[in-house]
Amino acid sequence: MEPVNGNGRNRANGGSNGNGAWRRSERQQNLIEKIVQEHHLDEREVENLAGEMFGAGVKRLDKLHASGLIDELIDRYGKNRRQTKRPYRRERPPVNGGRE
């Protein structure tokens, strides 16, 4: 039996959002599962990718990291691969337009 917090909800794996141990939106969960199924990906390979990128397994990713994983899966396996990579971190624009 999974541990329960004071409000009666399960708190296994660091919390949940009402859909089991997943820490991201249900829509993100469904999209990750759809990409894995449609492209016949090895779940261990996707788990390893999540670990390399974010230091956590797929089910432990938060919404931001799940979004990054989805982008990477689409870049690698999507039908219309992106020509440029999406940055996971935005750099601040230079102060004064780059002039000092």
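The values are calculated or read from the model by the stated rules, or taken from the named source; none is laboratory data. Just so you know, these numbers come straight off a predicted model, no measurement behind them. Positions of Cβ are generated from backbone atoms using ideal geometry, with glycine treated the same way; all protein chains shown enter the neighbour counts.
Pairing each residue of region 15-34 that is among the aromatic types (Phe, Trp, Tyr) with any residue that is surrounded by 18 or more Cβ atoms within 10 Å (Cβ to Cβ) and modelled with pLDDT under 95, provided the two are 6+ apart or on different chains, yields C-beta distances under 6 Å for 22/29; 22/59.
Restricted to helices (runs of 4 or more DSSP H) entirely inside region 16-100, those with at least 1 residues that are modelled with pLDDT under 90 are 63-77.
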